[in-house]
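The values are calculated or read from the model by the stated rules, or taken from the named source; none is laboratory data. This is a predicted model, so every value here is computed, not measured. As a convention, Cβ positions derive from the backbone with ideal geometry for all residues, glycine included, and neighbour counts pool all protein chains shown. For accessibility, only protein heavy atoms count, side chains too; no ligands or nucleic acids. Shrake-Rupley method; radii C 1.70, N 1.55, O 1.52, S 1.80 Å.
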Amino acid sequence: MTATVEMIIGEEKVQARSGATFDVINPATEQVQATAPEADQADVDRAVDQARKAFDEGPWPKMTPGERGRLLYRYTELIERENDALGRLDTEDMGKPITHSTQHDAPAAADFIRFCAGLCDKLRGSQIPYGASKHIYLLREPVGVVAGILPWNFPLVMAAQKVGPALACGNVIILKPAEQSPRSAVLLGELALEAGIPPGVVNVVTGQGATGAVLVSHPKVDKISFTGSTEVGRSIMHAAAEQIRKVTLELGGKTANIVCADADVDAALAATAFTCSYNSGQICTTGSRLVIHRKLHDGFLDELTSRLGKLKVGDPLESDTKLGPLVSREQHEKVRGYVEVGSRQYTPIVCGNGASAQDRGYYVDPTIFDHVDPDAQIAQEEIFGPVLSVIDFDDEREAIEIANRTSYGLAAALWTNDLSQAHRMAAAIDSSFVWINCTNFWGPSIPYEGHRQSGVGVDMGVELYESYTKIKNVIIDLDNTPNPWATS
Ligand code: NAI
Ligand code: MG
């Protein structure tokens, strides 16, 4: 049965005014499982009007921070109540294994909102000392209407990472989920209303890239928060430049997973198999480059190949599936294209676990390319699939140089038991996360900010207020001191 998706605009559930829709395809079955409204300028105008009204005239930005926190806690409870439904929507829409969506993603989404709920009444401005002549206080005010453009790799978690911070700081938001995976964001919008968050504070419009483009160039939007490709991030920054608007961008990555000569090999192996294949390699922090000491290379690679070959592939709705399909036909073609590019230069090691033998669905076999030149295309560009480039190194300096030798700077992991080496390398690696003897570790209280082409602006942590508030200084004269800048 094909589901019909509705958008959340103000307190209404609506279709596009034009009646246009697009299909949402289940990547495991290649069947249409839902049709969703394709919002155009008229629908985006309507959502922006509702959001503006909620911000400019509604109770939300004016209520006490404690009251906002109370509503966000209630929201968290509803997300927990709908945990399995939310997880299942992501699994059906984009193919991640159901255990990942229901046991990791949905609880993580609740955790992100809960963290933001707790932050509401703890964010504060400051007082700036200026002797006896002035009283100066600095306020942190909400920026207003936020446009949140979402990717499909963690549909629900990313929606929560946009909604929570925006709301904690007193803003309102319009979400535009990815066209591949719109349904969990829509349910999140419905739950906001059920929680008693005022209408217009959380709106959800659906559509493809063109809908996102209309939203980010809307003159009544105050801030854009985007997670997705570096290419679209760049175009959003251009759109933001037209209106001199605030942007937060969380973009691509090419994580180096560095295994030093003295590493705990078992721990590094388990983590490497995880980081290059989890979510079918569709994470901005996927450990897509294994940078390994020459001495460990051969044994490590044999064992890694064997482990990747044993990952249970199949229907993502089955509880023992570890590797689902890629999100879409487009992504399938992109990843297979990279495997072809790599195969022109290197012999692919196909970790045949039957992924590509599935009779339907956008599955690919985990694939390793060995002894890859750090400058090769497959070692430089974000593939977003379970495709690993292995690069050897001999000394610490070389490993650091390889880690930093891409246009991205989102994350790196390193495996070593040498404390001084670990700290030297952490200092020298240019990325927002450096994981030592662990990988892909993140959570609501950990702020991140992509270095170089991985992004602009801080996401999450207490620091999120830097991205979701604007500063106002109130300066009061106390004793008629002449302005030192005045010329007469
Ligand atoms: P994308 O960047 O095109 O899509 C992300 C979101 O942006 C979607 O909601 C899309 O509708 C919207 N969008 C597209 N064009 C837009 C525009 N001109 N203005 C405003 N919004 C727009 O990513 P796509 O095409 O789905 O994936 C391509 C590649 O991007 C992937 O292969 C991967 O390398 C990278 N990617 C990175 C992500 C990350 O977490 N950093 C997440 C998703 C994709
Ligand atoms: Mg795109």
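Brief remarks on what is shown
- Any hit, segment 24-37, residues being outside any loop (DSSP other than H, G, I, E, B), open to solvent by less than 10 Å² (accessible area, probe 1.4 Å), touching a Phe, Trp or Tyr at 6+ places or on another chain (Cβ under 9 Å) and not basic (Lys, Arg): yes
- Output for segment 216-239, where each listed residue is within 14 Å of ligand 2 (Cβ to nearest atom) and among the acidic types (Asp, Glu): Glu231
- Of the residues examined, Gly354 is one that is in a loop (DSSP other than H, G, I, E, B) and more than 29 Å from the chain's Cα centre (by Cα).
- Residues that are surrounded by 20 or more Cβ atoms within 10 Å (Cβ to Cβ) and assigned to a loop (DSSP other than H, G, I, E, B) within segment 38-67 comprise Glu38, Ala39, Trp60, listed in sequence order.
- The set of residues from segment 298-331 being in a helix (DSSP H, G or I) and without any contact (Cβ under 8 Å) to a residue 60 or more places away in the chain comprises Asp298, Gly299, Phe300, Asp302, Glu303, Ser306, Arg307, Gly309, Glu330, Gln331.
- Checked against the criterion of being of a type in the set (Asp, Glu) and more than 16 Å from ligand 2 (Cβ to nearest atom), segment 240-251 contains one or more residues that satisfy it.
- Matching residues, segment 241-268, being surrounded by fewer than 21 Cβ atoms within 10 Å (Cβ to Cβ) and either of a type in the set (A, V, I, L, M) or without any contact (Cβ under 8 Å) to a residue 40 or more places away in the chain (or both): Ala241, Glu242, Gln243, Ile244, Arg245, Val247, Ala261, Val265, Asp266, Ala267
- The residues on offer are Ser288, Ser280, and the sole one that is closer than 25 Å to Arg336 by Cα and open to solvent by less than 10 Å² (accessible area, probe 1.4 Å) is Ser280.
- Lone unmet requirement of (1) of a type in the set (S, T, N, Q); (2) outside any loop (DSSP other than H, G, I, E, B); (3) within 11 Å of ligand 1 (Cβ to nearest atom); (4) not assigned by TED's automatic domain parsing to the domain that holds Lys312 for Asn279: (4)
- For segment 1-23, filtered to residues that are farther than 13 Å from Lys176 by Cα, assigned to a strand (DSSP E or B) and of a type in the set (Val, Ile, Thr), the residue that is least open to solvent (accessible area, probe 1.4 Å) is Val14.
- Residues satisfying the stated conditions in segment 125-140, i.e. open to solvent by less than 50 Å² (accessible area, probe 1.4 Å), in contact with a Ser or Thr (Cβ under 8 Å, 6 or more places away or on another chain) and closer than 27 Å to Leu167 by Cα: Leu138
- Long-range neighbours under 6 Å by Cβ, at least six apart or interchain, first residue in contact (Cβ under 8 Å) with a residue 12 or more places away in the chain within segment 212-234, second more than 8 Å from ligand 1 (Cβ to nearest atom) and part of a loop (DSSP other than H, G, I, E, B): Asp222/Val143; Asp222/Gly144; Lys223/Val143; Thr230/Gln453
- Selection of segment 197-212 for residues being open to solvent by less than 10 Å² (accessible area, probe 1.4 Å) and either more than 20 Å from Asp93 (Cβ to Cβ) or more than 16 Å from ligand 2 (Cβ to nearest atom) (or both) yields Ile197, Gly200, Val201, Val202, Asn203, Val204, Val205.
- Every condition in (1) free of Cβ contacts under 8 Å to residues at least 40 places away in the same chain; (2) within 24 Å of Tyr448 (Cβ to Cβ); (3) β-branched (Val, Ile, Thr) is met by Val146 except one, and the failing one is (1).
- Subset tally (residues that are near ligand 1 (Cβ under 9 Å from one of its atoms) and open to solvent by less than 60 Å² (accessible area, probe 1.4 Å)) for segment 213-231: 11
- Checked against the criterion of being free of Cβ contacts under 8 Å to residues at least 24 places away in the same chain and under 19 Å from Leu193 (Cα atoms), the candidates Glu82, Glu67 yield just one match: Glu67.
One line per residue, one yes/no per condition, for (1) over 30 Å from Ala355 (Cα atoms); (2) among the polar types (S, T, N, Q); (3) more than 26 Å from the chain's Cα centre (by Cα):
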| residue | (1), (2), (3) |
| --- | --- |
| Ile8 | yes, no, no |
| Ile25 | no, no, no |
| Val44 | yes, no, no |
| Gly58 | yes, no, yes |
| Leu71 | yes, no, no |
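- Evaluated against (1) open to solvent by less than 20 Å² (accessible area, probe 1.4 Å); (2) within 14 Å of ligand 1 (Cβ to nearest atom); (3) outside any strand (DSSP E or B); (4) more than 30 Å from Glu67 (Cβ to Cβ), Ser235 falls short on exactly one condition, (1).
- Listed by position, the helices (runs of 4 or more DSSP H) contained in segment 388-488 that have at least 2 residues being crowded, with 19+ Cβ neighbours inside 10 Å are 396-404, 465-468.
- Residue within segment 179-196 that is acidic (Asp, Glu) and buried (at least 24 other Cβ atoms within 10 Å of the Cβ) present: no
- Taking the criterion of being under 27 Å from Asp373 (Cβ atoms) and surrounded by 21 or more Cβ atoms within 10 Å (Cβ to Cβ), the residues of segment 291-326 that qualify are Val291, Ile292, His293, Leu304, Leu308, Leu326.
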